[in-house]
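Below you'll find the structure, written out as structure tokens, and then a few comments.
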Amino acid sequence: MIEEKSITRREFMKYVAVGCAVAMGTSFLGCMKKEDVVKQEIQKNIYRDEFILGYGKDHKLKGGKWGIGFFPKTHILERLVEYDLKRDEYIPSLAEKWVLENDGKAIVFELKKGIKFSDGEEFNAEAVKFSVEWLKQNHPLGKETFEGAEVIDEHTVLINYKEAKFLNLAKMAEFHMGIMSPNSVSPAGDPKGKFVYPIGTGPFKVVDYKEEQYAVYEPNPYWYERMGIKPKFKRFIVKIIKDEDTRVMALRSGEVDAISDYSHGGSDYTPRNMLDVLKREGFKVYKRIIPLTWIVAFNYEKEPFNDVKIREIVDLSVNRDEIVKIFDNQVLPAKTLFIEEAPGIREANRIYKYDPEVARALAEELGIKGTKASMIIEREQGDQILVGQLIQQQLKNVGIDVELNVLESGAYKERRDSGDYDMRIYYIGGTDRRFYLRMFWRFHPKTKWKVYVSERTGELCDRILTEYDKNKRKHYLIEFYKAVYEEHGVVPLYFDIMTVVASQKVDVEYGELFRYAEPMFHSVGVRI
Amino acid sequence: MFKTFSEFSKTNFKKIGVIFLNKTAFIGFIIILTITLMGILAPLIACDPYEADISERLQPPSLKHLFGTDELGRDIFARIAHGAKTTLLLALTISLLSMIIGSIIGAISGYYGGKIDDLLGRIIDTFLAIPEFVLNIALVGVLSAAYSDSILNIVVAIVLTNWVTYARVTRGIVMSIKEREFILCTKALGAGDSWILFKHIIPNAISPIIVLATLNMGSVVMTVASLGFLGLGIQPPTPEWGQMLNSGKNYITTAPWIMFFPGFFIAISILGFNMLGEGLRDVLEKRNIKY
Amino acid sequence: MSLKKEILSIEDLRVVFKNPFKNVAAVKDVDLKIYEGEKLALIGESGSGKSILALSVLRLLPKNAESSGKIIFKGKNLLELNESEMREIRGKQIALIPQNQASLNPVLTVGFQASEPIFHHFKVNKKVAFDKILKLFKFFKIPENRAKEYPHQFSGGMRQRVLVSMGLSTNPDLILADEPTKGLDFTKKNKIIEIFNKINKTSLIITHDLHFAQKISDRIAVMYRGEIVEISSSKDFFCSPLHPYSRGLLNSLPSRGLKPIKEGRRKYIKGCIFRDRCDFSYKRCRIKPPLLNVNSSFVRCWLYD
Amino acid sequence: MIEYIIRRIIQIVPTLFGISFISFSLLMLFPGDPAEIIITTSSGYEPAKEIIEEYRREIGLDEPFIVQYINWLKKIISGDFGVSWTTGEPVLDMIAERFPASLQLFFATFLISAVFSLILGIISALYKDRALDSIIRIFSLLGISIPSFWLGLILIWIFSVKLRILPAFGYGNIEHIILPVLTWSFSFMAIKTRFVRASLLKELSEEYIITARAKGLPEKVVIIRHALRNALIPIITYFSLSMGHLIVGSIMVESVFSWPGLGSLLVESTIKRDFPVVQALILFVGVLFVITNLLIDILYAIIDPRIRYGGKNV
């Protein structure tokens, strides 16, 4: 799961060195039992009781249309399975094993034993059944996914799905599919009951919460015990600071110990162009590459970009190496549709090139000089405003005159939905667990927020999402990447990352922090 | 007070020439002239403000880039020079529009009095109670939710509040002139409303309004820049000082020049308008000395 | 007459207001002597420079005014004194009785304001000064209990009486009264005349009210556009005015037929300043006449040369 | 006196109506469908048409404008300012939460700038057209011309980035308030210094000043006892009026220093299109202004003898 690529060699050496020192230290102390007690005493006083995190989105711990926020979904709840992008495999989490039935329209999950919710209740098949039914009742994604669930025995549960699709399994690793205790609602166990607060098996439990202000968590002892590690804080406080610049200021002023990107990706993140600045100011910058690619999406049903040739011109004119320089090379230029760890990318071998000469020749051939094209950008996407301005420059070279419209979200949505635009900057993919679901949301003919669908890509997308067989799926993925490349459906710009920026005093184990693609804060601590 | 237009023009233009004798007005005039020239000549004296050269990003001021470069490697001097055009044109448009609208409304209300005037009085009271800038922010917010032309949004949002100042002043002037003997005389002699308006009211109202407009230009520059700084103003890539300052604040530790120069020019042009306005007021509205 | 001791002697006084556009001379070539015990009325239209003359004696003109010439008071040239020496003279030796319109501070009680010169110049405490002023108030028929009221609660005539008591409170050597009857109706004016006749002090009384001047003054000086055009004894002036302007003034009185002086055409001319309005003007008037001595009077007119 | 107060209270009623009308019609100007926005933002899911329609009826958006306005007004009068579109929190709570920070910033600034502007204004008037006056005038001209957001950033650069002695951001401790207050005071003080100077000079040109000087009083006594006492009335009025506008001046300062006051609430809500909050804030500032105005008029009547005895003898 750990993304070595994003750790520089120097950082790696540092980790090795720190690791060695810790190992040596512990083995040395291990020799003397008396010292052990002393060590624990020290351990107790090394870290401050509180860890304060600055975060851009409310945690919605009282629930909402989409349930609780993404941060508590990863920190309070666990899912039955997790997804390993590199191997393109689903791996056990709360479930140990699973068997497909009825062509995949049902899946039987065999659950791990001895797991407890943070309130001490046992985790069992009933809890899974409750969660599925609750999601079906209350959650948009649950509604379209689940038919129902049956308890087979204490630790075996059968989940029925609406359709027979590979996407069913993929969805089980999705944020929303966290398993919560039936006690989370009142009356307990009633899927139609009133949501009280989330109780899960994950590392955190809720202590206090004020909407749009803060959320306070405590470590869930059962989780730490299960994992065999010790928390380095007594209370984990998340301050909600909406504005990205303010969040950075809060970190600088010491009001928060760290700031983190929004677990979901794509919004409320630390500005990428600030990462290098902050690093130079002495902050620790942790990042992990994720299969989220920023792209230029076209209004591909309308002139001029209904012409694949003109889309190609744009594709060839975009200098991705320059774009990432805006962010001090903190992100990688997207020369493929997704990061190379994504299944099939390497095999597809479709490299997006920057070739202004060819682009110009092509433009001349088509006589598009002076073509006007509007590009809409949401104002909240501060980074994309910079990217948009650069692309505007780059397209000038081939004679495409880009009119940049930075819009408030309302105006943006209206323009987007009415089709009154030619290009927009958007993203495909997401964190690892969302890889397939986003494939559905962005490329499937049936969805609302699609970025590009042709007959060929639409069909391939549908096949990918129904195919359980890993190898066949990979084949479709490869074909899909090729199709998008050849049709110049979208123009990939750069691969995004998930970041956490922390003060010098924060101790983090990188591997724990990015256990999954979303940052996990169970192992952090602030040295006194 | 002047009795006829010819008397007005003689006296006033002589006085306007005296700008050069009033130190404050003169300095203000020079500042505004310089910035205006900078805006007009921007295409000649500065390079393309949109030209991004990523390899040159965040360069400190040097001979090549007089004010340094910004986060996209654009020349800050070029952006400031072109921004001068944006800012001054906006200030001029907004002031002129609000002057025309406000003066007409104020003059009508002051001249005819009665119910129209009562209503306007109430409206003015209401607008006085709500700070202009608060309304500006709210209006820009509402407008930008719907219309994508940020320049138009700003013009509309500011004019919608700004006209009140002119209406108030014009109304006061017209009301005081209306009661003067020579107007009563002309009226008795059967002069029409438009005659009185053009022969008497406009000539008398024009110099306080010129002063007001000059000072108002300064405050419009401030409003536009403030909105730009809050991210509610002119949207990129159009160079505008407030918005440049806003993007510069992120680089305050590493590249302070990005925020320094735009702010400096905002300050200096507001200073220019204030000095010119106050100087003009001294010259045009000097009260007669007693004794 | 000439044996009388002169208290104030103004010689060749010229007051110029400096403006950005042009300099305006408000008082020109004024020579005037005030003798001990006499009441001199300075008359003229508003804007003729009479109030400026009074203020220039006290050196209370705005900063852009420049006075030249001499103002000799008790042997000292007031124009050469420094501020603190001047302050010793103001209010103590020369008192001003200002116009009554807005001359009282609206936010201080009249009693306090009137007693200010006493406690300031005689270094007594406020209470003593206040008691003293109450006596003066009584003398001028101002009810004692009203001393703690504010100026706006007083009528015009009452306010004038307050100002008079304030001016007299330090027993000054010279009183400058500026338009004491301004804005008062006929009956109130009579009361003021009564009061001024009670005052036994050397006074320069500035007024545009000829009737008032006649009732109270010993001598009359006539000012026209910054220049003194005639100085005569009261009696002589009202019987046989010398200067054409003086004649015009008297003829414009209601009792003498209300004949206005004819309007002039041009404003700034060389020579005699009254030339444009004068029925008698002739060639010589293009040169400015000096102040000529006619019997015991002085007049600035070539008719008497 | 009582009669005067009652008359003043009656006078403000139309203004209050005007303010409420402006703040209400702002929402009407809003082009999007509030019902759709409320549902979308609270659920993150694009709702079906029927749901929107149902919600529109529920919150009365299908009524004609005037009816909506009256309904809204009724709610406002009963203290119900609605709920935020983004958080669902009662708007009044949000304002109440941010108010202390605004007040704190305002009063610190107000105190400092009131004291200094009085001193500087008096000095400036005393030494009119001399060097000291020129310096103060240049300083106050700069104060009204330099945008506070730029000054704030410069101060952050000096004190937080270079010298590292003051925090650039934060709320709660005394050191957090220094830079915002300094920034705001500069412009606040400038405007007020100019006002003090102007009102004092206006008083100094009044005739009673000549009277006072003619008494032989030293210039200090003339200015302090006579001129200042009169000038204080407009000065106090002006100073207290600024209280009604306490949010405005701070909008920019709050946004530079991320001060959690009403100014930044306004900006945040505008950016988030949280119009119930924007509406309530406009109403709040307007009403605050009108009420301070009223209180000042009453106070004025108490301190100014001209008005105090107004009915008696004019």
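Of the candidates C:130, C:140, the single residue that is within 23 Å of the chain's Cα centre (by Cα) and more than 12 Å from chain D (Cβ to nearest Cβ) is C:140.
Residue-wise test of (1) in contact with a strand residue (DSSP E or B) (Cβ under 7 Å, 6 or more places away or on another chain); (2) part of a loop (DSSP other than H, G, I, E, B); (3) within 11 Å of chain D (Cβ to nearest Cβ).
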| site | (1), (2), (3) |
| --- | --- |
| A:209 | yes, no, no |
| A:217 | yes, no, no |
| A:233 | yes, yes, no |
| A:250 | yes, no, yes |
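Here are the criteria: (1) within 10 Å of another protein chain (Cβ to nearest Cβ); (2) among the acidic types (Asp, Glu); (3) crowded, with 24+ Cβ neighbours inside 10 Å. Tell me which single one residue D:268 does not satisfy. Here residue D:268 clears every test but (3). When residue A:205 is tested against the conditions (1) of a type in the set (D, E, K, R); (2) in contact with a Ser or Thr (Cβ under 7 Å, 6 or more places away or on another chain); (3) not in a strand (DSSP E or B), the lone failure is (3). Residue B:87 - would you say it is hydroxyl-bearing (Ser, Thr, Tyr), surrounded by 23 or more Cβ atoms within 10 Å (Cβ to Cβ), closer than 28 Å to residue B:273 by Cα and within 14 Å of another protein chain (Cβ to nearest Cβ)? Judged against the criteria, residue B:87 is a match.
The number of residues in region C:46-68 that are facing another protein chain (nearest Cβ under 9 Å) and not basic (Lys, Arg) comes to 10. Among the residues of region C:116-126, the ones that are at negative phi and more than 10 Å from every other protein chain (Cβ to nearest Cβ) come to 5 in all. Of B:198, B:273, B:260, all but one fail to be surrounded by fewer than 24 Cβ atoms within 10 Å (Cβ to Cβ) and either part of a loop (DSSP other than H, G, I, E, B) or within 14 Å of chain D (Cβ to nearest Cβ) (or both); the exception is B:260. Identify all residues within region A:452-475 that are over 17 Å from residue A:141 (Cα atoms) and crowded, with 20+ Cβ neighbours inside 10 Å; write none if there are none. Of everything in region A:452-475, those that are over 17 Å from residue A:141 (Cα atoms) and crowded, with 20+ Cβ neighbours inside 10 Å turn out to be A:452, A:457, A:460, A:461, A:464, A:473.
Can you name the condition, by its number, that residue D:142 falls short on among (1) farther than 18 Å from residue D:185 by Cα; (2) hydrophobic (A, V, I, L, M, F, W, C); (3) within 14 Å of chain B (Cβ to nearest Cβ)? Of everything listed in (1) farther than 18 Å from residue D:185 by Cα; (2) hydrophobic (A, V, I, L, M, F, W, C); (3) within 14 Å of chain B (Cβ to nearest Cβ), residue D:142 misses just condition (1).
Select from region A:380-396 the residues that are assigned to a helix (DSSP H, G or I) and more than 9 Å from chain B (Cβ to nearest Cβ) and write down the one among them that is farthest from residue A:267 (Cα to Cα). The extreme case among them is A:395. Here residue C:207 passes the criteria (1) closer than 20 Å to residue C:46 by Cα; (2) of a type in the set (Val, Ile, Thr); (3) in contact with a Gly (Cβ under 8 Å, 6 or more places away or on another chain) except the one numbered (3). All told, residue B:211 falls short of being in a helix (DSSP H, G or I) and within 12 Å of chain D (Cβ to nearest Cβ). Can you name the residue in region C:175-195 that is surrounded by 22 or more Cβ atoms within 10 Å (Cβ to Cβ) and hydrophobic (A, V, I, L, M, F, W, C) and is also nearest to residue C:34 (Cα to Cα) among such residues? Checking each candidate, the answer is C:176.
If we scan region B:282-291, do we find a residue that is more than 26 Å from residue B:77 (Cα to Cα), of a type in the set (Ser, Thr, Tyr) and out of contact with any Asp or Glu (no Cβ under 6 Å at 6 or more places or on another chain)? Checked against the condition, which is being more than 26 Å from residue B:77 (Cα to Cα), of a type in the set (Ser, Thr, Tyr) and out of contact with any Asp or Glu (no Cβ under 6 Å at 6 or more places or on another chain), region B:282-291 yields at least one hit.
Look at (1) modelled with pLDDT under 95; (2) out of contact with any Phe, Trp or Tyr (no Cβ under 7 Å at 6 or more places or on another chain); (3) buried (at least 19 other Cβ atoms within 10 Å of the Cβ) and you find that residue A:481 fails only one, number (1).
When D:301, D:214, D:231 are checked against the criterion of being over 19 Å from the mean Cα position of the chain (by Cα), more than 7 Å from every other protein chain (Cβ to nearest Cβ) and at pLDDT 85 or above, D:231 stands alone in meeting it. Evaluate region C:69-83: report whether one residue or more is more than 10 Å from every other protein chain (Cβ to nearest Cβ), out of contact with any helix residue (DSSP H, G or I) (no Cβ under 8 Å at 6 or more places or on another chain) and in contact (Cβ under 8 Å) with a residue 24 or more places away in the chain. Yes - at least one qualifying residue is present in region C:69-83. Just one residue in the set D:118, D:151, D:155, D:200 is more than 30 Å from residue C:106 (Cα to Cα), more than 10 Å from every other protein chain (Cβ to nearest Cβ), touching a helix residue (DSSP H, G or I) at 6+ places or on another chain (Cβ under 7 Å) and not in a loop (DSSP other than H, G, I, E, B); that residue is D:155. Restricting A:431, A:447 to residues that are crowded, with 17+ Cβ neighbours inside 10 Å and β-branched (Val, Ile, Thr) narrows the list to A:431.
Contact map, region A:264-281: first residue more than 7 Å from every other protein chain (Cβ to nearest Cβ) and surrounded by fewer than 16 Cβ atoms within 10 Å (Cβ to Cβ), second residue assigned to a helix (DSSP H, G or I) and of a type outside the set (S, T, N, Q), Cβ cut-off under 6 Å, separation 6 or more or different chains; the map is empty. Kindly state which helices (runs of 4 or more DSSP H) lie completely within region A:451-515 and contain at least 2 residues that are within 20 Å of the chain's Cα centre (by Cα). Helices (runs of 4 or more DSSP H) meeting the threshold: A:510-513. One residue stands out in region D:271-286 among those that are within 8 Å of chain B (Cβ to nearest Cβ) and among the aliphatic types (A, V, I, L, M): the one that is nearest to residue A:246 (Cα to Cα), namely D:271.
Here residue D:168 meets the list (1) outside any helix (DSSP H, G or I); (2) aliphatic (A, V, I, L, M); (3) away from chain B (no Cβ under 12 Å) almost entirely, failing just condition (3). Any residue in region D:71-89 that is under 22 Å from residue D:267 (Cβ atoms) and either within 14 Å of chain B (Cβ to nearest Cβ) or touching a Cys at 6+ places or on another chain (Cβ under 7 Å) (or both)? Taking every residue of region D:71-89 in turn, at least one turns out to be under 22 Å from residue D:267 (Cβ atoms) and either within 14 Å of chain B (Cβ to nearest Cβ) or touching a Cys at 6+ places or on another chain (Cβ under 7 Å) (or both). Inspect all residues belonging to region C:111-118 and state whether any of them is crowded, with 18+ Cβ neighbours inside 10 Å, hydroxyl-bearing (Ser, Thr, Tyr) and assigned to a loop (DSSP other than H, G, I, E, B). The answer is no, given that none of the residues of region C:111-118 is crowded, with 18+ Cβ neighbours inside 10 Å, hydroxyl-bearing (Ser, Thr, Tyr) and assigned to a loop (DSSP other than H, G, I, E, B). Selection of region C:172-183 for residues being farther than 9 Å from residue C:94 by Cα and out of contact with any Phe, Trp or Tyr (no Cβ under 8 Å at 6 or more places or on another chain) yields C:178, C:179, C:182, C:183.
Screening residue C:48 on (1) among the polar types (S, T, N, Q); (2) crowded, with 19+ Cβ neighbours inside 10 Å; (3) closer than 29 Å to residue C:118 by Cβ shows it passes everything except condition (3).
The values are calculated or read from the model by the stated rules, or taken from the named source; none is laboratory data. Computed from a predicted structure; not experimentally measured. Using ideal geometry, Cβ is built from the backbone for each residue, glycine included, and neighbour counts are taken over all protein chains shown.
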